[in-house]
1. Evaluate the distance, in nm, between pseudo-label points positioned 7 Å from the Cα of Asp264 and of Ala139 along their respective Cα→Cβ axes.
2. Return the equivalent ellipsoid semi-axes of the stretch 178-264 as a descending list in whole Å, where each equals the square root of 5 times an eigenvalue of the C-alpha gyration tensor.
3. Less than 17 Å apart at the alpha-carbon level, and either on another chain or at least 8 residues along: which aspartates and glutamates does that give for Lys214?
4. With r as the distance between the Cβ atoms of Ala317 and Lys231 and R0 = 35 Å, compute the FRET efficiency 1/(1 + (r/R0)^6) and round to 0.05.
5. When you count, for each residue, the other Cβ atoms within 10 Å and take the mean per peptide, how do 196-209, 279-292, 88-101 rank with the highest first?
6. Report the residues of the stretch 149-178 in range of a label on Leu109: point 7 Å along Cα→C-beta, backbone N strictly under 18 Å from it.
7. Whole percent per 10 Å bin, from 0 to the bin with the longest distance: what is P(r) over all C-alpha pairs of the stretch 264-324?
8. Normalized C-alpha radius of gyration of the stretch 74-227, against 2.2 N^0.38 Å?
Amino acid sequence: SSSRRVSGPSSRVLSSHQAGTATGARGFGASSIATRSSRWTRLRDGRSDKNGRRSLSVCTASLAFGFADAVGFFADPSPGLLPAACANTLVFVAGIKTLLKGLTWPGVLNAWFLGTAACAAFGLGGYVLVCLYFVLGSAVTKLRLEQKQREGIAEARGGRRGVGSVWGSGVAGFVCALLALSGTAPVAQELWRLGFVASFCSKLSDTTASEVGKAYGKTTYMSTPPFKPVKRGTEGAVSLEGTLAGIGASVVFASAAACLRQVDFRGALVCAFAAFVATTAESWLGAAIQGRAGFEWLDNDVVNGVQIVLAAAIAVAVGGAVGA
């Protein structure tokens, strides 16, 4: 293939494809834009239209270039902030009614930043995982909602999540995305991707375990010794039904991440493992100190944030050790 020399400290020879990437950001750079601008100018001036059908040529070329950009965006594992922000805004505008069923308005606005960062750093696959978490998490929250409301253990606002819940669910994934985009942290981007997946895997597992346990749990125990029976909905309590459902949710989410090529099979196992450890630790933390004197600040959103940060950290550490 053709090649050209790109000036720089190493002055190495790159292929034409690599040179285009070096001078522009993943298909949206200066060389790509300049090429399209030159083609557009020729079409506009009619120089490439032998039959005089300038309007048709311009329309066809516009569609072709737009299609090429769209294909490039969907295929790019890390498209960058500007394309991601545009795509995420379109999705939010089109799906605002659905979003407001699971989020408050402030929650929606904060979720926009989370979705944009995820898409920018981890591409369409990462974005789909955030959407999958939202859909599944909202669905399990609605399980036997009226029963949970009568018992006083349902989520506030009919299950609609606010700002605290958004960041309690997504702060670890958001940080992983920013670190992957920065390229400055001494960790490979794929390990940040692994931490990103593990954080949402853990949070979905926790949400599912909690909501299924509150809806269907027959016997509920504290997660710390002496494991005494307690009422459903008690902080730090666990049930067999909820625990099994939570493990199942983490396996489903990790499998979805593998299907979307965010992780490989080994990475999916690492994420499921990190989710189980972090969710168990969250139950212990909730049972041991949440709501106790001196720890009033340690509310459910803060505990959730600790949980997903722990899940991401475990995944990055274990993934780096085993080469996931």
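1. My value for the distance between the label points is 3.0 nm.
2. Working: eigenvalues 220, 43, 15 Å².
With the √(5λ) rule applied to the stretch 178-264, the semi-axes are 33, 15, 9 Å.
3. In chain and number order, the partners are Glu146, Glu151, Glu155, Asp206, Glu235, Glu241, Glu282.
4. On the way: r = 37 Å, r/R0 = 1.04.
That pair, Lys231 with Ala317, gives E of 0.45.
5. Ranked by mean Cβ neighbours within 10 Å, highest first: 196-209, 279-292, 88-101.
6. From the stretch 149-178, the list is 161-168.
7. 24, 42, 22, 11, 1
8. Details: Rg = 17.0 Å, N = 154, 2.2 N^0.38 = 14.9 Å.
Working it through for the stretch 74-227, the quotient is 1.14.
Each value in this text was obtained by applying a stated rule to the coordinates, not by laboratory testing. Treat the numbers as computed from the prediction; the structure is a model and nothing was measured. In this analysis, Cβ positions are derived from the backbone assuming ideal geometry, glycine residues included, and neighbour counts consider all displayed protein chains.
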